[in-house]
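The block underneath contains the structure these notes are about, expressed in structure tokens.
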Amino acid sequence: MWFYGGRFDASMGGAAAGIVVENVFIRASDIAANRIYSPGPGPIADADQRPLSYFIAHEVTHSDVARRFGRLMMLRYPMWLVEGYADYVGKGGDFDFDLNHKLFMEGDRAMNFGSSGLYREFHLKTAYLLDKQRKTLSQVFSDPPGDAQVETWLREYRPLRDFKDR
Ligand SMILES: [Zn+2]
């Protein structure tokens with residue numbers, strides 16, 4: 001995983017669709033418990049939403065996207081789309097769009113990949129295009145909007161749910 005993952009780092013949960021080999025790599029895991037072993041002393045971030053099955057589905061999605069949109073898709077498409085779609089599939093629907101949108105609007109650290117290392121902001125952007133704009137995957141990949149454009153749409157988006165009562 002350290003080498004074929006292409007990052008010379010093995011602290012991630014998995015790797016796939018590398019330039020050199022097509023294999024999917026997943027870090028050491030407790031299969032019966034459906035969890036990966038954390039690379040650090042504590043549990044992994046967002047552990048509840050990221051069991052072992054999530055990591056497998058996320059990485060296999062990268063392979064599927066590479067087969068559909070080209071081997072170099074990791075280089076050709078924006079990171080928010082590549083990782084956002086892998087999380088969209090990987091989390092199998094376990095994603096509260098309006099709650100994550102609220103956190104995004106508040107500038108929550110979890111919604112910033114640069115500070116959290118999580119793909120939640122990418123997932124939110126991809127889910128917005130697929131579920132709110134009702135675009136097909138082919139439409140999104142054939143002409144991905146710019147990151148700034150998606151952020152503008154997200155800031156204009158008004159959720160149906162009201163969080164004031166919570
Ligand atoms: Zn990924």
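The values are calculated or read from the model by the stated rules, or taken from the named source; none is laboratory data. Here the structure is a predicted model, which means the values were calculated and not measured. Please note: Cβ atoms are built from the backbone with ideal geometry, for glycine as well, and neighbour counts cover all protein chains shown.
Scan segment 113-139 for residues that are exposed (fewer than 15 other Cβ atoms within 10 Å of the Cβ) and either polar (S, T, N, Q) or not assigned by TED's automatic domain parsing to the domain that holds H101 (or both) and jot them down. Break it down into steps so the answer makes sense when it comes.
Kept after step one, since they are exposed (fewer than 15 other Cβ atoms within 10 Å of the Cβ), are these residues of segment 113-139: 114-115, 117, 131-134, 136, 138-139.
Matches in segment 113-139: S115, Q133, T136, S138, Q139.
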Please indicate, with yes or no, whether at least one residue in segment 22-41 is closer than 21 Å to Y128 by Cβ and either outside any helix (DSSP H, G or I) or touching a helix residue (DSSP H, G or I) at 6+ places or on another chain (Cβ under 7 Å) (or both).
no
Meets criteria (over 17 Å from P144 (Cβ atoms), modelled with pLDDT under 95, among the basic types (K, R) and surrounded by 12 or more Cβ atoms within 10 Å (Cβ to Cβ)) for R76:
no
Of the conditions (1) in contact with a Ser or Thr (Cβ under 8 Å, 6 or more places away or on another chain); (2) modelled with pLDDT under 95, D94 clears all except one; give me its number.
(1)
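On the basis of being out of contact with any Ser or Thr (no Cβ under 8 Å at 6 or more places or on another chain) and within 26 Å of P144 (Cα to Cα), does F8 make the cut?
no
Residues that are touching a residue at least 40 places away in the same chain (Cβ under 8 Å): which helices (runs of 4 or more DSSP H) entirely in segment 48-166 hold 2 or more of them?
On the way: elements: 52-69, 73-76, 79-90, 97-105, 113-116, 120-127, 137-142, 147-156.
So the answer is 52-69, 73-76, 79-90, 97-105, 120-127, 137-142, 147-156.
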Looking only at segment 47-87, which residues are acidic (D, E), outside the structural domain of R120 (by TED's automatic domain parsing) and within 14 Å of the ligand (Cβ to nearest atom)?
E59, D64
